[in-house]
1. Filter region A:29-38 down to the residues that are more than 8 Å from DNA strand C (Cβ to nearest atom) and either loosely packed, with under 12 Cβ neighbours inside 10 Å or modelled with pLDDT under 95 (or both) and list them by number.
2. Would you check if residue B:140 is within 14 Å of another protein chain (Cβ to nearest Cβ) and touching a helix residue (DSSP H, G or I) at 6+ places or on another chain (Cβ under 9 Å)?
3. Considering only residues that are within 39 Å of the chain's Cα centre (by Cα) and more than 9 Å from DNA strand D (Cβ to nearest atom), which ones fall in region A:16-38?
4. Could you pull out the residue among A:280, A:294 that is in the same structural domain as residue A:188 (by TED's automatic domain parsing) and over 24 Å from the mean Cα position of the chain (by Cα)?
5. Can you name the strands (runs of 3 or more DSSP E) wholly within region A:252-356 that have at least 3 residues being at negative phi and more than 10 Å from chain B (Cβ to nearest Cβ)?
6. Would you check if residue B:225 is in a helix (DSSP H, G or I), in contact with a helix residue (DSSP H, G or I) (Cβ under 8 Å, 6 or more places away or on another chain), touching a residue at least 24 places away in the same chain (Cβ under 8 Å) and buried (at least 23 other Cβ atoms within 10 Å of the Cβ)?
7. Can you tell me which of (1) within 24 Å of the chain's Cα centre (by Cα); (2) in the same structural domain as residue A:273 (by TED's automatic domain parsing) is the one residue A:226 doesn't meet?
8. Can you tell me which residue in region A:1-28 is modelled with the highest pLDDT, limited to those that are loosely packed, with under 11 Cβ neighbours inside 10 Å and within 12 Å of DNA strand C (Cβ to nearest atom)?
DNA sequence: GCCAAAATGATTGGCGTCAATCAATAAATG
DNA sequence: CATTTATTGATTGACGCCAATCATTTTGGC
């Protein structure tokens, strides 16, 4: 009764090689190779024999041997905004930590710093790498028609382009690796709404700039959820703080003092050090329900200190891993492999990672 | 650290080989090889010369060539509970989807089904694979001293053993890949607490069995948080439903009818189809705040239908990926690589994966 | 300075695939 | 039928590393 069933897979100690396939198919190695690598000039009949033999033996090309023989190396570049931003420090740190491992697989990654969020800077950077003959690049992009031309110049040389964190013009990149920021905003709104439990509320929103697409998307998602499902919560006009800690601090203080009925804060963008500072100095007894984005050193600490209740994070480590996997796959066979959606992650005090790569100081 | 300038990467990019290292170090290939593979019988002076040359050239062993030459194949097994459990179906499906990719890297994975959560069955299964000479196994385990002996028998043959989802006796496995269930329970408690916003509340807890360590841990975490931070919420005695949908349904109905002041439900374990059924037939207008575990088809749907408010998930896909990576690393060099903690993931209606290819809306 | 031990050098045959060459055979054409 | 053309076969040298053998040199003990 308690038999354990082995699954379909047997114990093939002998892994079939292409020679084995050729033998089984009754053709020469050369023909099997022609089929395997789609070199053409093979009769349909032979193709079928070889393919059948492959299935029968369960042949899978040995990736190590193939890569070795092919002398394939992957030349990749990541174009990241420069500057002291804590989030992108996390990204860079993670790439650095992978460098050795990647090199063992002949994957060479270069980080190129670009002017953060300025179309002209991005455009210039793209043009300047157009001749560098990368096999693939991941770009923290902007959704602007102005960069279509440089993108196409790069792509015309066979370079694979993917968007990272923030998307590029959809038709001019192969894939986008990042979260859906509307969903991220909705998630923030949902938790904030839940935490009001049918009570009245007023939210002060702080954002960087509505020109940044991610901020705009988050704000939209957030507002939609509140309006749809939490009508008792009032949305105050967002304060624009340009992701600047000082401006954020001022905004929070304004909300604390000039708008005494505020029950919650939502910071759409960066600059959370300022937010935490303001809250630490807060003399009001009643506390805010507070939602911010991106788990970095100070937001992590603020969560533990109870100045912040929820952090919505986009898991840059995973984004990088996926960007690498996707680029490699696209370069190899020009087909992206299906992966589960990247999704905004919710952190509260109790599900924080303890061994962290995100505590890198900025 | 932050010295990532525009890299000088337009060169031919000659990746150094071990021959290059030998040449640069002024020793023979044989000596460089002795150092590289730690074969011993090398003078300290030579070791130093070779190591210096490696650093100077930035030598990293070509993994493809090494694996090919070594003729290394990885024979792995996953021991999973059998039965129709939705969660483990997800696990199996994910492994299946990886099979081809893995085989290209000479990784052969066998799924072995074991009697779910019965010590005797697990023990028998372990003993029966002891001679199969796997390089590594991942076991959905039990924290019981009875399986120490079979585990040690397996390990004595050089097989690497890791715990998966549910841990094994700590000293008798190499690593554990799974979430911290106390944290998972705390997370559930935190969200349920937040959603009460200082109001009174009563929670009906439903659990499978407190003999299962994961359930016990979750329950502890949950109760701790409520007691610590939400004193206005009363914890009713847990109902044991053995992860059985019918029993869960009965438990929910009991809470609905016999305990009219219940404001929230927390299902620690499985059997959520029963929970949803009961809620769908609920005639009371006031709804519960409802937290369950594991994102599977029906809990996903329940989240969208608003019968469930929060799902705590352990991301089995990622667990599998990590189990594979960890096993491979341990087999290769007997050292687990550092990875960010696996953490309980929170899903609300708005951050669900949609599994479509990731195209930004415009 | 002799001899054993230790260290180093030199070289080789794979591993499985790729990419090429050249010869040999089969099929198609007029 | 002769002559193209298409298809197959046979073989080979990388790729970079591993693992082994055997020869040679250096070192250290006495």
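The values are calculated or read from the model by the stated rules, or taken from the named source; none is laboratory data. What you see is a predicted model; the values in this text were computed from it and never measured. Every residue, glycine among them, receives a Cβ derived from its backbone with ideal geometry; neighbour counts consider all protein chains shown.
1. Step one: filter region A:29-38 for residues more than 8 Å from DNA strand C (Cβ to nearest atom), giving A:31-32, A:34-35, A:38.
A:38, the sole residue that qualifies.
2. Yes.
3. The initial filter retains those residues of region A:16-38 that are within 39 Å of the chain's Cα centre (by Cα), namely A:16-18, A:33-38.
Within region A:16-38, A:16, A:17, A:18, A:36, A:37, A:38 meet the criteria.
4. Values: A:294 fails: over 24 Å from the mean Cα position of the chain (by Cα).
The unique qualifying residue is A:280.
5. A:264-267, A:289-293
6. Working: in a helix (DSSP H, G or I): yes; in contact with a helix residue (DSSP H, G or I) (Cβ under 8 Å, 6 or more places away or on another chain): yes; touching a residue at least 24 places away in the same chain (Cβ under 8 Å): yes; buried (at least 23 other Cβ atoms within 10 Å of the Cβ): yes.
When the stated conditions are applied, residue B:225 passes them.
7. If we test residue A:226 against (1) within 24 Å of the chain's Cα centre (by Cα); (2) in the same structural domain as residue A:273 (by TED's automatic domain parsing), just (1) comes out false.
8. Here is the first cut: in region A:1-28, the ones loosely packed, with under 11 Cβ neighbours inside 10 Å are A:1-2, A:5, A:8, A:10, A:13-14.
Subsequent filtering for residues that are within 12 Å of DNA strand C (Cβ to nearest atom) retains A:13-14.
Values: A:13: 63, A:14: 83.
Out of the qualifying residues, it is A:14.
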